[in-house]
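A quick write-up on the structure given underneath.
The values are calculated or read from the model by the stated rules, or taken from the named source; none is laboratory data. This structure is a prediction, so every number in the text was calculated from the model and none was measured. No Cβ is skipped: glycine too gets one built from the backbone with ideal geometry, and neighbour counts run over all protein chains shown. Each accessible area value is taken on the protein alone, full model and side chains, heavy atoms only, with ligands, DNA and RNA left out. Shrake-Rupley method; radii C 1.70, N 1.55, O 1.52, S 1.80 Å.
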Amino acid sequence: MPRLILCADDYAFSSDVSRTITGLATGGKLNATGCMTAQPNWPEDARRLRDLPDHVEVGLHLTLTLERPLTAMRLARGGELPGIDALRRLAAAGRVDLAEIAAEVRAQFDRFAHGLGRAPAFVDAHQHAHALPGLREVVLVETARQAPRAWMRTCEDAPLALLSRPYRGKAVASALGSRGLAAAAMRHGLATNSGFAGHYGFSGDYAALFPRFLARPGRDHLVMCHPGAGARPGDAIAAARTAEAASLALLPISDLAAAVGLAFPG
């Protein structure tokens, strides 16, 4: 049966975010989360994941934008990596040192394994940076080497599905940015999700928007979300994280998924 993968991004962004995600996952409101293993609080937050239900998939949410890297990277001027728009321009111009990216990806994989004693169930990246030209091949090669049974996130989706989404422009742009990623993953022996949603403007009534994320679902329909709590300095979506967490706690997610033919949480 087709399934809904409701994935909380940004695990370990802060310990408050991590606690919120594990609470929702334990309560049956999430069945996947992606981990930012470059964060200083990752070792402590990793321990919280060991008691999650078996059906909750734990993946690697690579941080190749905005955050501080684990390795020495010339790309990280001032100590932090550039945002996605700057990185996209550099990648398009062939001005990203892919060997430097590969070393950082390996370091984040290694820190995941050290924290959990296993490979990630899936791989993606903050701001979908893993789909950028050049970077995607680096990530695919490393994933196939270290986690050959993992699946890779793609933002590709069917045209009619994209037109059904809220924040349609962002959904279409992300789909175009991921174009060809599923086929490339297949060449490396890696699976991907089929169907993607979760974009919105980080404001408004999240609970009212949520059913539109399930419109025209794919076979392994992935919906990203960003629940959390607290307010880490520089977090532009702190209020939205809290609102998402409150909405997810109350939404009848299993019923909404079943109404469109998706299994959840399994």
Name every residue in the stretch 77-91 that is at pLDDT below 95 and open to solvent by less than 80 Å² (accessible area, probe 1.4 Å), in order of residue number.
-> Gly79
Would you mind stating whether Ala119 is open to solvent by 30 Å² or more (accessible area, probe 1.4 Å), under 28 Å from Arg241 (Cα atoms) and touching a strand residue (DSSP E or B) at 6+ places or on another chain (Cβ under 9 Å)?
-> yes
Report, by residue number, each residue of the stretch 19-45 that is in contact with a Cys (Cβ under 8 Å, 6 or more places away or on another chain) and of a type in the set (A, V, I, L, M, F, W, C).
-> Leu30, Ala32, Trp42
Got at least one residue in the stretch 26-40 being touching a strand residue (DSSP E or B) at 6+ places or on another chain (Cβ under 6 Å) and either surrounded by fewer than 19 Cβ atoms within 10 Å (Cβ to Cβ) or part of a helix (DSSP H, G or I) (or both)?
-> no
For the stretch 67-107, name all the residues that are more than 23 Å from Pro40 (Cα to Cα) and either over 19 Å from the mean Cα position of the chain (by Cα) or assigned to a loop (DSSP other than H, G, I, E, B) (or both).
-> Ala86, Arg89, Leu90, Ala91, Ala92, Ala93, Gly94, Arg95, Val96, Asp97, Leu98, Ala99
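Do we find that Arg179 is surrounded by fewer than 22 Cβ atoms within 10 Å (Cβ to Cβ) and not in a helix (DSSP H, G or I) in this structure?
So Arg179 fits the description; yes.
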Please go through the stretch 1-21 and pick out each residue that is open to solvent by less than 20 Å² (accessible area, probe 1.4 Å) and either more than 16 Å from Leu66 (Cβ to Cβ) or in a strand (DSSP E or B) (or both).
-> Leu4, Ile5, Leu6, Cys7, Ala8, Asp9, Asp10, Tyr11, Ser18, Ile21
Every listed condition ((1) part of a helix (DSSP H, G or I); (2) of a type outside the set (A, V, I, L, M); (3) in contact (Cβ under 8 Å) with a residue 40 or more places away in the chain) holds for Pro120 save (1)
Within the stretch 69-76, is even one residue open to solvent by less than 10 Å² (accessible area, probe 1.4 Å), of a type in the set (A, V, I, L, M) and under 19 Å from Leu132 (Cα atoms)?
-> no
Hey, any hits in the stretch 43-54 for a residue that's among the acidic types (Asp, Glu), open to solvent by less than 10 Å² (accessible area, probe 1.4 Å) and either in a loop (DSSP other than H, G, I, E, B) or modelled with pLDDT of 95 or more (or both)?
-> yes
Hey, does the stretch 163-186 have a residue that's in contact with a strand residue (DSSP E or B) (Cβ under 6 Å, 6 or more places away or on another chain), modelled with pLDDT of 95 or more and on the phi < 0 side of the Ramachandran plot?
-> yes
Could you look through the stretch 206-230, keep only residues that are out of contact with any Lys or Arg (no Cβ under 9 Å at 6 or more places or on another chain) and either small (Gly, Ala, Ser) or without any contact (Cβ under 8 Å) to a residue 40 or more places away in the chain (or both), and pick out the one that is nearest to Leu4 (Cα to Cα)?
-> Gly218
Screening Phe202, Phe196, Phe210 for residues that are among the aromatic types (Phe, Trp, Tyr), modelled with pLDDT of 95 or more, surrounded by 19 or more Cβ atoms within 10 Å (Cβ to Cβ) and more than 15 Å from the chain's Cα centre (by Cα) leaves only Phe210
Please find, among Thr71, Thr22, the residue that is of a type in the set (Val, Ile, Thr) and under 30 Å from Asp220 (Cβ atoms).
-> Thr22
Any chance the stretch 242-262 includes a residue that's open to solvent by 50 Å² or more (accessible area, probe 1.4 Å), in a loop (DSSP other than H, G, I, E, B) and without any contact (Cβ under 8 Å) to a residue 40 or more places away in the chain?
-> yes
